[in-house]
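Visitor: One structure, as structure tokens, below. Some questions next.
The values are calculated or read from the model by the stated rules, or taken from the named source; none is laboratory data. It should be emphasised that the depicted structure is a prediction, and the values quoted were computed from it without experimental measurement. Counting neighbours? That spans all protein chains shown, and the Cβs are built from the backbone with ideal geometry, glycine included. Ligands, DNA and RNA are excluded from the accessible area calculation, which covers all protein heavy atoms including side chains. Shrake-Rupley method; radii C 1.70, N 1.55, O 1.52, S 1.80 Å.
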Amino acid sequence: MKLFKIKLLFAVLATFLLLDQPIMQSAQASDAFPPTKGDMRGFILLKQRELAPEVPFFDGEGNVRHIKDFKGQVILVNFWATWCAPCIKEMPDLDQLEADLGSDDFKVVAISQDLMGAKKAGPFLRDRLKLENLDLFIDKRTKLGRAFGVKGLPATFLIDREGLVVGYYTGPAHWASDDAKAMINYVINE
């Protein structure tokens, strides 16, 4: 029994030590890719880029949208909800990122997972959070989120101009930081 407790203690300690390290699935795609450090320390760069799911979602006016609608742009797809405190914390950063980098080359696509859809999420973004730069997108049945493998909110995916997922970040992040912008600008300039 004592040996079991010692092994269990070592397993727990090893887990904590691993969790304190950057979570990377692979080496960087190239030496030029900005290191995921500082504010982007938890960004997971995929070993090989994968095609983003093509499950439909909706814009704020109820029009059907797909990730492929943004082909030619680098997009940061963020899944969020009005009831998610970490999501609310990072929304101003996403709004600022869209203000700073939003263009024909880049767009933040913040997709609400609220079951009440635009009726709940739209007023929340505009009236409560006072955000001016983010467009409203909805996935109220969470089909797109599930297709991406989202297990918790917020979850954010960086997608290149060809619709391929570069990597992802789970949890709130400082998306308007210099580290985040360097990573996004690298993908924009590829």
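Visitor: Quick check on the stretch 147-187: of everything there that is assigned to a helix (DSSP H, G or I) and open to solvent by 20 Å² or more (accessible area, probe 1.4 Å), which residue is farthest from residue 94 (Cα to Cα)?
Guide: That would be 147.
Visitor: Out of 127, 160, 135, I need the residue that is within 20 Å of residue 63 (Cβ to Cβ), at pLDDT 95 or above and more than 12 Å from the chain's Cα centre (by Cα). Which one?
Guide: The unique qualifying residue is 135.
Visitor: Another question, then. Report every pair of residues separated by at least 6 positions or lying on different chains whose Cβ atoms are under 9 Å apart, first residue within the stretch 114-128 and more than 10 Å from residue 138 (Cβ to Cβ) and without any contact (Cβ under 8 Å) to a residue 60 or more places away in the chain, second outside any loop (DSSP other than H, G, I, E, B) and of a type in the set (Asp, Glu).
Guide: Partner pairs satisfying both residue conditions: 125/95.
Visitor: Starting from residues that are of a type in the set (A, V, I, L, M, F, W, C) and either at pLDDT 95 or above or within 18 Å of residue 161 (Cα to Cα) (or both), keep the ones in the stretch 33-62 and report whichever is most open to solvent (accessible area, probe 1.4 Å).
Guide: We begin by selecting, within the stretch 33-62, every residue of a type in the set (A, V, I, L, M, F, W, C); these are 33, 40, 43-46, 51-52, 55, 57-58.
Filter once more, so that each one left must be either at pLDDT 95 or above or within 18 Å of residue 161 (Cα to Cα) (or both): 33, 45-46, 51-52, 55, 57-58.
Working: 33: 5, 45: 2, 46: 31, 51: 124, 52: 4, 55: 39, 57: 1, 58: 88 Å².
Once the filter is applied, the top-ranked residue is 51.
Visitor: Any idea which of (1) farther than 17 Å from residue 132 by Cα; (2) open to solvent by less than 10 Å² (accessible area, probe 1.4 Å); (3) touching a Ser or Thr at 6+ places or on another chain (Cβ under 8 Å) is the one residue 117 doesn't satisfy?
Guide: All conditions pass for residue 117, except number (3).
Visitor: Looking at 94, 144, 136 in this structure, which one is open to solvent by less than 10 Å² (accessible area, probe 1.4 Å), touching a strand residue (DSSP E or B) at 6+ places or on another chain (Cβ under 8 Å) and more than 20 Å from residue 178 (Cα to Cα)?
Guide: Within the list 94, 144, 136, the selection yields 144.
Visitor: Is one or more of the residues making up the stretch 101-109 at pLDDT 95 or above, among the basic types (Lys, Arg) and open to solvent by 40 Å² or more (accessible area, probe 1.4 Å)?
Guide: Within the stretch 101-109, none of the residues are at pLDDT 95 or above, among the basic types (Lys, Arg) and open to solvent by 40 Å² or more (accessible area, probe 1.4 Å).
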